[in-house]
């Protein structure tokens, strides 16, 4: 009991929607189990949580939970989209890291475990200084994470940078992915010719620091990625596979989903879905960070309308840089306008977990972010994948080639391709995809239920945090 009262976990996510949402779910499970949690947000993210969700109020139910904030160092007008990730990380190294260190050193209740995003290389030094175990929680997919860890090997072997423009060349120096991953399936920054590219330097730094952690946490489940987890254990043996976290939280609490969105959700789309036939709607969203050009937006719009399928489309403000409204995206087209009015619903942001669980939704055209991929899997919804960056290129390949729960549309944004793939998933191959997707969904739900692999790993994580049994290297 003495150990239980003293356990204090400090959690520091990458300050963007996906990691914050994911780590808040872990924080809630730890809080439910009487572990003191301090959750560090940037000022920008925390203000958006306060504005658009009840998360700060909800967490007041846990007396041993508290939010703390740090500046991210970026000007208020910075859009904080994917194109700004490099600037965000460099800014946080300068502005947030010193404050983070001071918080840990001066905490009223001594910190006994640090959980941080793997991109925060400075966390290893801080954890060592205060003498507590560090668990890195990379909220990307393990299959995507493994390709990042193998980047030094790929560079040494001469596979990155690419020697020519053949993107279908198979990659041979990512153990466990032989015969699966092509050049085009590696993270998009691997296509650069500059080995000193800032993004590559960041990943190389992360690859150096990951083995220094006392353990790794992943939002996945064993049946989905056992071969990849086995490869990662050669670098860091202590792994907790505790996902899908959103389903895990609901399983332990037996309650509906709660929102940690930093965007205002438009719930009118739920009323619209209520009026649609079962599995007749394709849900479309490129997540909270991805952007596209006017032409790409136009091609997707035409493809959706031409498919004849009902669609619910999230068009996040800022997702098409330089465009403030639809008239700037698409010149007047009577067929597109009429098709959208007849079969479409467009919103600025949606309660995604609830949307994917809705019986009217039959497929998901997605950017292949890992949270979105898992949320779709849990609900048994096949995917059409159009990845944007980081692990998303690997995820989309695995969705089609390994897990068989959808189609990979990377490197293409043509209305004819969009139309064809939407019809395949929603009509001609509908039964085939739904059957496999439901098998994956059952496996995911089993993993987070009592007796499941993720449930057991979460119990182990909770016990080791409480009893402080995570050994410091």
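Separation of the range 185-207 from the range 100-138 is 26 Å, based on Cα centroids.
For the pair the range 342-402 and the range 224-290, the centres of their Cα atoms are 9 angstrom apart.
Taking only alpha carbon atoms, the range 208-275 gives an Rg to Rh ratio of 1.17, where Rh is the Kirkwood radius. Expressed as a fraction of 2.2 N^0.38 Å, the C-alpha radius of gyration for the range 268-445 is 0.95. Could you state the angle between the C-alpha long axis of helix 85-106 and the longest principal axis of the C-alpha atoms of the chain, as a value from 0 to 90 degrees rounded to the nearest 10? The helix 85-106 is inclined about 30 degrees to the chain.
Reducing the range 443-458 and the range 63-93 to their Cα centroids gives an inter-centroid distance of 33 Å.
Averaged over residues, the count of other Cβ atoms within 10 Å places the peptides 161-173, 363-375, 341-353, 397-409 in the sequence 363-375, 397-409, 341-353, 161-173, highest first. With N as its number of residues, the range 158-221 has a Cα radius of gyration that, divided by 2.2 N^0.38 Å, comes to 1.29. The listed peptides 122-134, 197-209, ordered by packing as a protection proxy, come out as 122-134, 197-209 (highest mean of other Cβ atoms within 10 Å first). Rounded to whole Å, the principal axis extents of the Cα atoms in the range 1-123 read 47, 30, 21, largest first. Dividing the convex hull volume of the alpha-carbon atoms in the range 351-445 by its residue count gives 95 Å³ per residue. Quick one: angle between helix 430-447 and the longest Cα principal axis of the chain, in degrees between 0 and 90, rounded to 10, please. Helix 430-447 sits at roughly 10 degrees to that axis.
Read-outs: derived from the displayed coordinates by stated rules, not from any lab. Keep in mind that what you see is a predicted model, and the values were worked out from it rather than measured. Every residue, glycine among them, receives a Cβ derived from its backbone with ideal geometry; neighbour counts consider all protein chains shown.
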